[in-house]
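Here the structure is laid out as structure tokens; the discussion comes afterwards.
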Amino acid sequence: MDEIVTGITQAFNLIVTLNPEVLHIAALSVYISLAATILAACISIPLGGLIHFREFHGKQTLKVIIQTLYSVPTVVVGLLLYLLLSRSGPLGFFGLLFTPEGMILGQMVLIIPITTGLVISALSGVDRNISDTLVSLGATEFQSIVQIVKEARLAILSAVILAFGRAISEVGVAMMIGGNIAGQTRVLTTAIALQTGMGDFGFSIALGIILLAIALVIVVAMNLITSGLSAEYQQVMGGPRS
Amino acid sequence: MIRISGLLRKAGEQKILEDINLEIRRGEIFTLIGPSGSGKTTLLRLIDLLDRPTSGQILFDGQDTTGAEKERLSIRRRMGMVFQKPAVLNTTVAENVAFGLKFRGADPAQIAQRVTSTLELVGLSGFEQRRAVTLSGGEMQRVAIARAMVTDPEVLLLDEPTANLDPVSSEIIEDLLIRINNDLRTTIILATHDMIQGQRLAHRMGVIMNGRLAQVGTLHDIFYQPDGKEVARFVGIDTILKGVVQSNERGLATVALDNASFEVVTPCPPGKIVALYIRPEEVTISIPDGAKKTSARNQLVGTITKLVLLGPFIRVTIDCGTPITALITTRSCGELGLFVGMTVIASVKASAIHVRADPALRSIQ
């Protein structure tokens, strides 16, 4: 019990005094996960669009595989990338193992299925009549895809935020690809794992609080977006006019 | 303007449309009428080049449309289409109306000016900055028409534009279509299951039944000289009787039925098996008191078997040995004091009966 109380006191001290090590770890976490999320979105939105708009053999199977990969264990992705990126591995010459860039790559691999899958659902959620309407108005295929993606913007944005949540909270890839090197690849989750192991509970609790705070920001953002969605839905149903 | 020949469209093995041959003339309002599921929407989608036919050809202004997607796009851009359920994009009315011009690369000043004038055309001036999803069904449908008209198309296609609207909104849309056709000379092709709407708007109509064009013609052709039983039933002719021509004196023939006989106007010679189509509004009802003289050649005494209220009208079914349906106003029904089981006289002018030598009937008899 004592440990918890002193831990929490110490944690608040670290946060209130803006401890440089804590700040650095938090900033690196946000940087890596944000970069991974943005890059994953840049790949997933066109990829999801391609899968949604094109008819091809095995489309349904592909969707099932993507959905299965939502819950791929982070350590499996870590293992796979470790084998690929290690010095003797096929991609070893990039020298990405134990670098923030390697971690970004790892988190991208982890969340691309989620963003792609949710982009596909978001696009499927757009009224089918919309695409007919756009084509009949003389849109080229590209013009109509751009409009439909815009129409699904809120659902796509919430998919991206969800993916960021998964990226920043995972520990397997960060540990195995990053290596938890102090000042270089140590992020919130790996630091918590390490400090807890070393009995430094105050530090762990401080990082845990920061992680929760980030999660809170994500949840608030999600709620704002979904309430925006439902407000628009209400308007469709004849609710209050803007 | 548009010439369709030998059109076939299959979904899997099922034929949705078959053997469609049709010409749409420049500047006309052409309505496609037919029951739900008869293939009207499929045909409109093929004309707008949204789908490709399984076989057959559509010529637009003499130009073949079976080519590459790029050519089809440039032809499609000369048309506008309004769907049954207006799908508006989640943005302002002005943006919704502007899409067609944006897709064609018009400059912003031109877009703004066209959007304003087109919204004025459909009676939605001042709605520019409203969110499209907040509009009522009728307003949304007018936005959809504005969106299709903003590019000044040569052909405007509409699929059941008033099917989900109240009567007042429907009338606004119908007036708008007549104005567009009159003032802008836009060719209009309209699909509807509502015969009366077809009648109000169309210069010519085509009746689609089970994926085939059963008849194409003027309103008079279709309503008074329907080409076959199915069309007749669809355009509201309840009484279809079969009989044999007994005699024919210079076009005034006597046709014998099982339990009655009719005088009709037809060139059919004696011995011919014919079908008699009698529109219910051509049948008048009177009470047998012997006093009234009438010029109607056919007077049949019968018993009322059924009275059905249809708004301001009543459909009366009379058993005169053979059932005959009459459509009379609710008011005259009241004045005559009609009731089920009452004996009345049904009168039809010889010239009001459409006679058709029906080859299909020969095998029945």
Worksheet item: Along the positive direction of the dipole of chain A (beta-carbon charges: Lys, Arg +1; Asp, Glu -1; about the Cα centre), which of A:ILE181, A:VAL5, A:GLY197 reaches farthest?
Response: A:ILE181
Response to the item:
Using the Cα gyration tensor of chain A, the equivalent ellipsoid's semi-axes, largest first and to the nearest Å, work out to 38, 25, 13
Worksheet entry | Residue of A:VAL219, A:VAL109, A:VAL16 that the Gaussian network model of chain A assigns the largest fluctuation, springs spanning Cα pairs under 10 Å | A:VAL16
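Can you give the FRET efficiency to the nearest 0.05 for A:ASP127 and B:ILE178, using r as the Cβ-Cβ distance and R₀ = 35 Å?
According to the calculation, E is roughly 0.75.
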Worksheet item: Pick from B:PHE339, B:PHE99, B:PHE60: which is most flexible by mean-square fluctuation in a GNM of chain B where alpha carbon atoms under 10 Å apart are linked?
Response: B:PHE339
Discussion item. From the phi angles alone, apply the Karplus equation (6.51, -1.76, 1.60; θ = phi - 60°) to the stretch B:122-130 and give each ³J(HN,Hα) in whole Hz, x where the residue is Gly or Pro.
Written reply: 8, x, 10, 4, x, 8, 3, 8, 5
Worksheet item: Can you give the charge dipole size of the stretch B:237-364 about its Cα centre, rounded to the nearest 20 debye, using +1 on the beta carbon of Lys and Arg and -1 on the beta carbon of Asp and Glu?
Response: 220 debye
Worksheet entry | Over 32 Å (Cα to Cα) - which of B:LYS40/B:LYS349; A:LYS63/B:LYS40; B:LYS10/B:LYS272; B:LYS15/B:LYS306; B:LYS10/B:LYS85 fall in this group | B:LYS40/B:LYS349; A:LYS63/B:LYS40; B:LYS10/B:LYS272; B:LYS15/B:LYS306
Discussion item. Can you tell me, using C-alpha contacts under 8 Å and at least 6 residues apart, the relative contact order of chain A as a whole percent?
Written reply: 31 percent
Worksheet item: Using a simple spin-label model with points 7 Å from Cα along the Cα→Cβ vector, what separation in nm is obtained for A:SER86 and B:THR303?
Response: 10.0 nm
Fill in: More than 48 Å apart - percent of Cα-Cα pairs taken over the protein assembly as shown
41 percent
Worksheet item: In degrees, nearest 10, range 0 to 90: what is the angle between the Cα axis of helix B:108-121 and the longest Cα principal axis of chain B?
Response: 20 degrees
Worksheet item: Along the stretch B:304-321, what does the Karplus equation 6.51 cos²θ - 1.76 cosθ + 1.60 (θ = phi - 60°) give for ³J(HN,Hα), rounded to whole Hz, x for Gly and Pro?
Response: 6, 10, 7, 10, 10, 7, 10, x, x, 10, 10, 8, 10, 9, 10, 8, 10, x
Worksheet item: What translational D, rounded to a whole number of µm²/s, comes out for the stretch B:237-364 from Stokes-Einstein when the hydrodynamic radius is the Kirkwood one over Cα pairs, at 4 °C and 1.567 mPa s?
Response: 86 µm²/s
Worksheet item: How well do other chains shield peptide A:136-149, expressed as the mean number of their Cβ atoms within 10 Å of each residue Cβ?
Response: 5
Worksheet entry | Relative contact order [Cα under 8 Å, 6+ residues apart], the stretch B:196-312, whole percent | 17 percent
Worksheet item: If you put +1 on each Lys and Arg Cβ and -1 on each Asp and Glu Cβ, how big is the dipole of the protein assembly as shown around its Cα centre, in Debye rounded to 20?
Response: 1200 debye
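What number, rounded to the nearest 500 deg cm²/dmol, is the helix-based mean residue ellipticity at 222 nm of the protein assembly as shown, given -39500 (n - 2.57) per DSSP H run of at least four residues and division by all its residues?
-15000 deg cm²/dmol
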Item to complete: Hydropathy first: keep DSSP H helices in chain A averaging at least 0.0 on Kyte-Doolittle, then drop any whose Cα extent along the axis falls short of 27 Å, and list what survives.
Response: A:20-53, A:100-124, A:201-236
Item to complete: Mind running the shape call on the stretch B:38-111? Use the C-alpha gyration tensor, a ≥ b ≥ c as the square roots of the eigenvalues: rounded below 1.5 for a/c, prolate if a/b tops b/c, oblate otherwise.
Response: oblate
Worksheet entry | Per-pair calculated FRET efficiency, R0 = 25 Å: A:MET198 and A:THR9 via Cβ, rounded to 0.05 | 0.85
Response to the item:
chain B, Gaussian network, Cα under 10 Å: of B:LEU73, B:LEU309, B:LEU276, the residue fluctuating most is B:LEU309
Practice prompt. Could you work out the mean count of beta carbons from other protein chains within 10 Å of each residue's beta carbon in B:86-96?
Written response: 4
Item to complete: Hand me the trypsin sites (Lys or Arg not before Pro) from the stretch B:215-322 located in a DSSP loop with no more than 10 other Cβ atoms within 10 Å, in residue order please.
Response: B:ARG250, B:LYS293
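All of the numbers you see were taken from the coordinates with simple rules; none came from a lab. These figures come from a predicted structure and were not determined experimentally. Cβ sites come from the backbone with ideal geometry, for glycine too, and all protein chains shown count toward neighbours.
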